[in-house]
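Below: the structure, in structure tokens.
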Amino acid sequence: MDPQLGYTLDKLARAANVGIETIRYYQRRNLLPTLNATDTACAVYPAELIDRLRFISRGLELGFTVDEIHQFLQLADGSNREAIQDIANRAISEIRSRITDLREMESVLLDLLHSCEKTGYGRPCPIIEALRGRGAD
């Protein structure tokens with residue numbers, strides 16, 4: 001199919017390097033338009049949706065939620081920089097919170113690993129006991 005005329009769903013998915021079900025999911029989440037064709041297999045999607053799909057994919061790679069990407073798409077003209085920055089700042093705050101949680105998890109696991117290395121084989125493994133919800137005595 002001539003890209004000037006548009007893409008079928010499968011060719012659109014291939015051109016944007018996403019799956020067909022991904023496109024359908026984005027349509028259900030109102031990130032992409034849903035075509036009013038009686039036979040969706042033969043529907044023709046405009047070529048500019050490739051850029052929109054890449055925008056969505058890149059947003060997800062950067063850790064933005066689907067809802068945040070939806071907001072970005074509504075702000076795509078760039079005129080409301082404050083709103084765009086608010087979304088980015090909230091995402092940064094969430095990332096920092098996850099980093100803190102991951103560091104705490106790392107510390108706990110390192111402590112358990114150290115305990116496991118020092119615990120004799122005749123005693124319960126501290127890692128297994130922690131996973132069971134019990135502390136090794």
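The values are calculated or read from the model by the stated rules, or taken from the named source; none is laboratory data. Because the structure is predicted, anything quoted here is derived from the model rather than measured. Glycine gets a Cβ as well: all are built from the backbone with ideal geometry, and neighbour counts include every protein chain shown.
Please go through the stretch 78-130 and pick out each residue that is more than 30 Å from G59 (Cβ to Cβ) and loosely packed, with under 10 Cβ neighbours inside 10 Å.
Taking the stretch 78-130 first, the residues more than 30 Å from G59 (Cβ to Cβ) are 107-130.
Scanning the stretch 78-130 gives E117, K118, G120, Y121, G122.
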Inset, instruction - Please identify the pairs in which a residue from the stretch 30-58 that is closer than 20 Å to Q74 by Cβ has its Cβ atom under 6 Å from the Cβ atom of a residue that is among the β-branched types (V, I, T) and modelled with pLDDT of 90 or more, counting only partners at least 6 apart or on another chain. - result: L31/I56; L53/V18; I56/I69
Legend entry - Hits in the stretch 7-29 (condition: touching an Asp or Glu at 6+ places or on another chain (Cβ under 7 Å) and either assigned to a loop (DSSP other than H, G, I, E, B) or among the hydroxyl-bearing types (S, T, Y) (or both)): none
Legend entry - Condition check for D67: in a helix (DSSP H, G or I), among the charged types (D, E, K, R) and surrounded by fewer than 14 Cβ atoms within 10 Å (Cβ to Cβ): yes
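For the stretch 36-62, give me each residue that is small (G, A, S), under 26 Å from the mean Cα position of the chain (by Cα) and either surrounded by fewer than 10 Cβ atoms within 10 Å (Cβ to Cβ) or at pLDDT 95 or above (or both).
Narrowing the stretch 36-62 to residues small (G, A, S): 37, 41, 43, 47, 57, 59.
Filter once more, so that each one left must be under 26 Å from the mean Cα position of the chain (by Cα): 47, 57, 59.
Passing the criteria: S57, G59.
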Legend entry - Among (1) among the charged types (D, E, K, R); (2) in a helix (DSSP H, G or I); (3) at pLDDT below 95 - the single one E82 does not satisfy: (3)
Inset, instruction - Output the number of the condition that D77 fails; it satisfies all remaining conditions of (1) among the acidic types (D, E); (2) assigned to a loop (DSSP other than H, G, I, E, B); (3) under 24 Å from R96 (Cβ atoms). - result: (3)
Inset, instruction - Please enumerate the residues belonging to the stretch 43-54 that are touching a Phe, Trp or Tyr at 6+ places or on another chain (Cβ under 8 Å) and part of a helix (DSSP H, G or I). - result: L49, I50, L53
Inset, instruction - Look at G78 and say whether it is without any contact (Cβ under 8 Å) to a residue 24 or more places away in the chain and at positive phi. - result: yes
Inset, instruction - Please enumerate the residues belonging to the stretch 102-133 that are touching a helix residue (DSSP H, G or I) at 6+ places or on another chain (Cβ under 9 Å) and assigned to a loop (DSSP other than H, G, I, E, B). - result: T119, C125
